[in-house]
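Undergrad: Here it is, the structure in full.
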Amino acid sequence: MSILVFVEDWNGAYKKASFEAVAYAKSWATMNSNKVIAVTSVSAPAGELAGYGADHIIQIGLGSTAMGIAGQLKELSAEASGIVIAGTSLGRSLAPALSALTSGALSTNTISLPLSTSPLQLKRGAFSSKGIETIELDSTMPIVSFVPNSIGLEPVAGEGNLESREISSNDALEVLSTEVASGKVALPEAEAVVSAGRGLKGPENWGMIEELADVLGAATACSKPVSDIGWRPHSEHVGQTGIQVNPNLYIAIGISGAIQHLAGVSASKTIVVVNTDPEAPFFKAADYGIVGDAFEVVPKLVNALRAFKAAS
Ligand SMILES: Cc1cc2nc3c(=O)[nH]c(=O)nc-3n(C[C@H](O)[C@H](O)[C@H](O)COP(=O)(O)OP(=O)(O)OC[C@H]3O[C@@H](n4cnc5c(N)ncnc54)[C@H](O)[C@@H]3O)c2cc1C
């Protein structure tokens, strides 16, 4: 039997989280001398997936909704003894749908490779990622949805055999419209995130946030009220009810640090907070804090980073 892994793409190119998913599946498969079957709709070179451990690559026309894709993966799961899905926005809808269809046991928010395989033992973030628990998936179809950037990329060669198949999609829902995220870097998988809140006073002040993100090669994000008011698109809202991020660097500007916001960002490796209020709760979660006015601090940061880049 094999480990099945779903490979997501963005405009025809594999996402970084998909390479991580394939590498995850390879580590798991190797523990039981299994193979990795990667499922993609992209006709990009198979070698890219083989380089992270895909032994067999199945190319299909994927459905347009999470339910439709879950139905297709269910059919392919007959050839598998486990499934890996990256916890991207799509992956976080797909994994529970697939769990329901296959009656497989699902670990969401997973932050470790398998610790053992019979039964499958994993670590996952619990209580809005405030704690870490070790769980066992006692099931004939364990499904792992992991937090992007939490595992790391380990290039290990797979055989990379390519096969095209037709599997019809039962899209139970019709997509009426789609909102394309405007940021240059995809937020869920970003290595660095510059995020701002109501302290920015209005949407006209986001230019400096975008400049800072630009100079760092970061994605932009925001607090919930900011997207609720319409200052920024909903695709940038992070937190308990928004996107959960796990970057190496999270810069929070003019955000108070309410528990619901922290729930989506506290897994970040380094947190930098800029806030005028020294009592703002976010400082308790910060690795570095600047008590100061965003309108003075951010332009200085942008200039300093530009000078640093020019000199190096
Ligand atoms: C069920 C539920 C779910 C929720 N889910 C989420 C979620 O997913 N994500 C989320 O973000 N929120 C969520 N919230 C809302 C959350 O509780 C907070 O209300 C929200 O995070 C506050 O947003 P904010 O920090 O941008 O605004 P505020 O609380 O208004 O804070 C603004 C901050 O900016 C600082 N500031 C002001 N001026 C400046 C300046 N010039 N320079 C620097 N700093 C300045 C202030 O000192 C203050 O700390 C949820 C709430 C509930 C009840």
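The values are calculated or read from the model by the stated rules, or taken from the named source; none is laboratory data. No experiment lies behind these values; they were computed from the predicted model shown. Counting neighbours? That spans all protein chains shown, and the Cβs are built from the backbone with ideal geometry, glycine included.
Undergrad: Among what's in the stretch 154-182 and is among the aliphatic types (A, V, I, L, M) and surrounded by 14 or more Cβ atoms within 10 Å (Cβ to Cβ), pick the residue that is modelled with the lowest pLDDT. Walk me through it before giving the result.
TA: Step one: of the stretch 154-182, the residues among the aliphatic types (A, V, I, L, M) are 156-157, 162, 167, 172-173, 175-176, 180-181.
So of that shortlist, the ones also surrounded by 14 or more Cβ atoms within 10 Å (Cβ to Cβ) come out as 156, 162, 167, 181.
On the way: Val156: 86, Leu162: 90, Ile167: 87, Ala181: 63.
So, considering only residues that are among the aliphatic types (A, V, I, L, M) and surrounded by 14 or more Cβ atoms within 10 Å (Cβ to Cβ), the one modelled with the lowest pLDDT is Ala181.
Undergrad: Does Ser33 count as on the phi > 0 side of the Ramachandran plot, of a type in the set (Gly, Ala, Ser) and modelled with pLDDT of 95 or more?
TA: Here the answer is no, as Ser33 does not meet what is asked.
Undergrad: Same structure again: Looking only at the stretch 265-289, filter to residues that are under 25 Å from Leu90 (Cα atoms) and not β-branched (Val, Ile, Thr); which one of those is nearest to the ligand (Cβ to nearest atom)?
TA: Within the stretch 265-289, the match that is nearest to the ligand (Cβ to nearest atom) is Ser266.
Undergrad: Restricting attention to the stretch 275-287, does a residue exist that is closer than 27 Å to Lys16 by Cβ and β-branched (Val, Ile, Thr)?
TA: The answer is no; no qualifying residue exists.
Undergrad: Is it the case, given these coordinates, that Ala213 is surrounded by 20 or more Cβ atoms within 10 Å (Cβ to Cβ) and either more than 9 Å from the ligand (Cβ to nearest atom) or farther than 19 Å from Ala285 by Cβ (or both)?
TA: So Ala213 passes the test.
Undergrad: Going by the conditions given, is Phe308 more than 9 Å from the ligand (Cβ to nearest atom) and among the aromatic types (Phe, Trp, Tyr)? Walk me through it before giving the result.
TA: Numbers: more than 9 Å from the ligand (Cβ to nearest atom): yes; among the aromatic types (Phe, Trp, Tyr): yes.
Answer is yes for this residue.
Residue-by-condition table, conditions (1) aliphatic (A, V, I, L, M); (2) under 16 Å from Val274 (Cβ atoms); (3) out of contact with any Lys or Arg (no Cβ under 9 Å at 6 or more places or on another chain):
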| position | (1), (2), (3) |
| --- | --- |
| Val215 | yes, yes, no |
| Thr220 | no, yes, no |
| Pro247 | no, no, no |
| Tyr250 | no, yes, no |
| Ile253 | yes, yes, yes |
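Undergrad: Within the stretch 114-152, how many residues turn out to be within 22 Å of Ile243 (Cα to Cα) and surrounded by 15 or more Cβ atoms within 10 Å (Cβ to Cβ)?
TA: Qualifying residue count for the region: 14.
Undergrad: While we're on this one: Among the numbered criteria (1) touching a strand residue (DSSP E or B) at 6+ places or on another chain (Cβ under 6 Å); (2) modelled with pLDDT of 95 or more, which single criterion is violated by Ser268?
TA: (2)
Undergrad: I want to confirm something. Restricting to the stretch 223-264 and keeping residues that are in a strand (DSSP E or B) and either farther than 18 Å from Phe127 by Cβ or more than 7 Å from the ligand (Cβ to nearest atom) (or both), which single residue is farthest from the chain's Cα centre (by Cα)?
TA: Checking each candidate, the answer is Ile253.
Undergrad: Does Ser99 satisfy the criteria of being polar (S, T, N, Q) and within 25 Å of Gly160 (Cβ to Cβ)? If you could, list the steps in order and put the result at the bottom.
TA: Working: polar (S, T, N, Q): yes; within 25 Å of Gly160 (Cβ to Cβ): no.
Spelling it out, it is not the case that Ser99 is polar (S, T, N, Q) and within 25 Å of Gly160 (Cβ to Cβ).
Undergrad: Moving to a separate point now. Testing Ile111 on (1) over 25 Å from Gln240 (Cβ atoms); (2) of a type outside the set (Ser, Thr, Tyr); (3) in contact with a Ser or Thr (Cβ under 7 Å, 6 or more places away or on another chain), one condition comes back false. Which one is that?
TA: Condition (1) is where Ile111 drops out.
Undergrad: Which ones in the stretch 29-61 are among the small types (Gly, Ala, Ser), surrounded by 24 or more Cβ atoms within 10 Å (Cβ to Cβ) and assigned to a loop (DSSP other than H, G, I, E, B)?
TA: Gly53, Ala54
Undergrad: Condition check: farther than 30 Å from Gly131 by Cβ, surrounded by 15 or more Cβ atoms within 10 Å (Cβ to Cβ) and within 11 Å of the ligand (Cβ to nearest atom). Does Val298 satisfy that?
TA: So Val298 passes the test.
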